[in-house]
Each structure stands twice: as structure tokens, then as C-alpha cells.
Amino acid sequence: MKKNIYILSVLALALSCTHVKDNQSKTQEEAAINRSFFKHVKTIKAELKPQEEELTLTGKVEYDPDKIVNYVPLINGVVTKTYFSLGDQVKQGQVLANVRSLEVNSLHSEKSGLQSELEVARRELKSAESMYKDNMLSESELVEARAKVKQAEASLARVHTDMSVVGSNGSGNSSIVSPMTGYIINKNITSGSTISPDAEPIFTVADLSKVWVIANVYASNLQFVKVGMPVEMSSLSYPGEIFHGTIQSISQVFDSEERVLKARIVMENADLKFKPEMSMTIKLKNNTENTHVSIPVNALIFDDDKYYVIVEESKEKFKVKEVQLQGHNEETAYILSGLSEGENVVVNNQLLIYSALKNK
């Protein structure tokens, strides 16, 4: 019996020693892990900096209204042929469509009649001048003959002008020509279409060499957005590409539908990267004279509708601090309260430390 008790005592001692060794080994392993973790924790000192404000607005590309023409025909007629499609580039004076019109035919008939009248009036004037030299005609009769010629010339010139305005091509039909160099952005006619001065514009030409980027400015942003401010713009159409411009004007009347003011940015568009109706993201930056304690924005921890930072008080000793923000941009957060200049703020692995301290 004593022998059995001795054996059990030895086994218990052996198990106890093994358990102690296991605990020591586990403690040493945890210590090694902690040392490795703390070795890679990085901090940065909070410092005073002038606040750089940043605002992001939405917007879109629009045509320059001074470089767009909506063409409305001056006559009634039927389109016999078109020479352009939506999106085509056209030159000023280029024929875009042919039209058959009774009004143009009437002008041609009137032209022929006036040309005949002018020829007769010129012959009569020539005869009157000859008779006047031979004292066979009075001066008043000579003046009357000259007046008939001038009247016929004026009437013919008027018809030529009318024909030029309606685009008469000399064959009794009318040719519609492009009023400017640009791109067809709207087309409402095809062969066989009827046109009239009372109808909608039959096509629209826009010069896209310069466009407007219109940014939406809400009432809460009015104090921030100023004329002359530089902006950076980007579009999903060109990932990673930044376009630079300047706010040239801000409307003084709120848009009745969107309830925003419109800020205009004029952009050169020689390479036609900006397409009308293209959505744009506009970023504005403004350096203020106010200085605040600043830290990298990625050092912030947002939890339960509050902001926190992890401060290293001494080696491997950390503390959670709640902070109030004055503002922030993509890179920097400006602290209103809760943090002092010179404190060491953790900028990596801060979430792990925060979770450990919170659970503890």
C-alpha cells in the first residue's frame, strides 16, 4: 500500500513539473510574440499645422453655349438627301442636306423675271442716253430711265440675297450647309422629312474644342467655394488621370430643381477627352491660417459614432484617447480637442491595440 502511494506521489510530482514547464514555455512564447508585435508598432508625433480644407463636389461636362448652333430652316420643303450622321465632324459651309421647296422655285422664277426686266431697262436707258445727246429726250425722262435700271438691279439683288439665305443651289432646290465647324450632336431629319420654320431644330452643331465643367455647390459649401480657386477633376472614364482647372464663375441663383448653385470651370478640349454629359468629380483645396494639432487620417479609429486614437505613453504602454475633429482631408486629420502637440500616436496596428485595451 505504501509502495502504491509513493508511485502516485511521484506521478503527481512529474505531472506538476510538466505543467509548470508547459506554462513557462507558453509564457515565454507569448512574450516573444509581444516583443515581435511591439517591435513593428509605428508612431508619429502630433504636430501643429495650418488646416488644409478639402471639398469634393459632383458635376458634369456641358457644351459651351456660345459654341453651339441649333439650325432651324427658313423655308418649307421636303428633304431629298442627307449627308451626315449623328456624331459626325463637319466643316463650316459643308453641305449637310438637299431640300426641294416651292418657295425656292418661286425665287428662281422671280429671278428670271427680274433679269429680263433689268435687260429691258438697260436697253431703254442706253436708247434714252443716245436720244438725250441728240436733244430728242428731256433730262427728266433720262433720269426716269436710270431709275428703272436701279430699281430692277435692287430687286434682283434682293432675290439673290434671299436665295443665298435659303441655300438655293441654282437647280431649283435648296442646300442646307453647316453654319460652323464642329460635331453633329442632334439630328432630327432623314430623306423624305418635311421641314418648316415653325418646327424643332433639324440638327445641332457644337464646337467641342472648349467645354464647361459644371460643379454642383450646395448651400453648406458656399463659404468654401470661391471664384479663382484651383480644382482637380477626375472621371471614371479615365481612371487615375487628374485634370486641373480653375473656377471661373459661380451662379447667384439656386437651380430650381437640384437646389444647388452652379460653379463653372472652362476647359480646353483639343483632344476631345471631355464628352458632354460625362460625370466628373471635382476636388477643391483651401489653405487656412488656422493651425491645429494634426495627425495622419489613417491613425483615426471610428467606433460607436466617436473618433479615437492610440497614444504610446511609454515603451510598450498604450492609452486610448477620444478626440474631436476640426476637419480632415484625404491625408490629414485636424484635431479640435483630446490630443496635444508632441504626443506619439500609433499609425499602424492601432486597431489590434484598441481591441485589446477595450476588452481588457
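The values are calculated or read from the model by the stated rules, or taken from the named source; none is laboratory data. As the structure is a computational prediction, the values presented were derived from the model and not from experiment. Please note: Cβ atoms are built from the backbone with ideal geometry, for glycine as well, and neighbour counts cover all protein chains shown. For the accessible areas, the whole protein counts, side chains as well, though only heavy atoms, and no ligand, DNA or RNA atoms are used. Shrake-Rupley method; radii C 1.70, N 1.55, O 1.52, S 1.80 Å.
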Practice item. Under 20 Å Cα to Cα from LYS285, which aspartates and glutamates show up? Leave out anything in the same chain fewer than 8 places away. Key: GLU52, GLU53, GLU54, GLU232, GLU241, GLU330, GLU331
Study note, to complete from the structure: Number of Lys pairs in the range 46-153 closer than 28 Å at Cα, excluding neighbours under 8 places apart unless interchain, is 12
Review point. Measuring with a 1.4 Å probe in the full set of protein chains, what accessible area per residue, in whole Å², belongs to the chain?
Key: 62 Å²
Revision key, fill the gap. Links exceeding 30 Å between C-alpha atoms in this model, out of LYS283/LYS319; LYS45/LYS262; LYS42/LYS226; LYS45/LYS358, come to LYS283/LYS319; LYS45/LYS262; LYS42/LYS226
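In terms of the Cα gyration tensor, with a ≥ b ≥ c the square roots of its eigenvalues, is the range 74-127 rounded because a/c is under 1.5, prolate because a/b exceeds b/c, or oblate? If you can, show how the numbers build up before the last one.
Numbers: a/c = 6.00, a/b = 2.66, b/c = 2.26.
Note, shape of the range 74-127 comes out prolate.
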Review point. Expressed as a whole number of Å, what is the distance separating the alpha-carbon centroids of the range 88-135 and the range 278-351?
Key: 82 Å
**Study point:** Spatial extent of the chain: Rg and Dmax, with the Cα atoms as the point set, Å
**Key:** 42.7, 176
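Under the definition of Cα pairs under 8 Å and six or more residues apart, what whole-number percent is the relative contact order of the range 294-360?
Here the relative contact order equals 35 percent.
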Exercise for review: Report, to the nearest whole %, how much of the accessible area of the chain belongs to carbon and sulfur atoms, 1.4 Å probe, protein only.
Suggested key: 50 percent
Exercise for review: Order these peptides, 54-61, 143-150, by their mean beta-carbon neighbour count within 10 angstrom, highest first.
Suggested key: 54-61, 143-150
Review point. Using Cα pairs under 8 angstrom and six or more residues apart, how large is the relative contact order of the range 91-233, in percent?
Key: 30 percent
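Averaged over every viewing direction, what's the projected area of the C-alpha convex hull for the range 168-249? Give it in nm², one decimal, please.
Details: hull surface 40.0 nm².
The orientation-averaged projected area of the Cα hull of the range 168-249 comes to 10.0 nm².
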Check your understanding: If you line up the Cα atoms of the range 114-171 on their principal axes, what length do they span on each, largest first, in Å?
Key -> 48, 18, 11
Check your understanding: Mind checking which of LEU142, LEU325, LEU222 has the largest fluctuation in a GNM of the chain, springs on alpha carbons under 10 Å?
Key -> LEU142
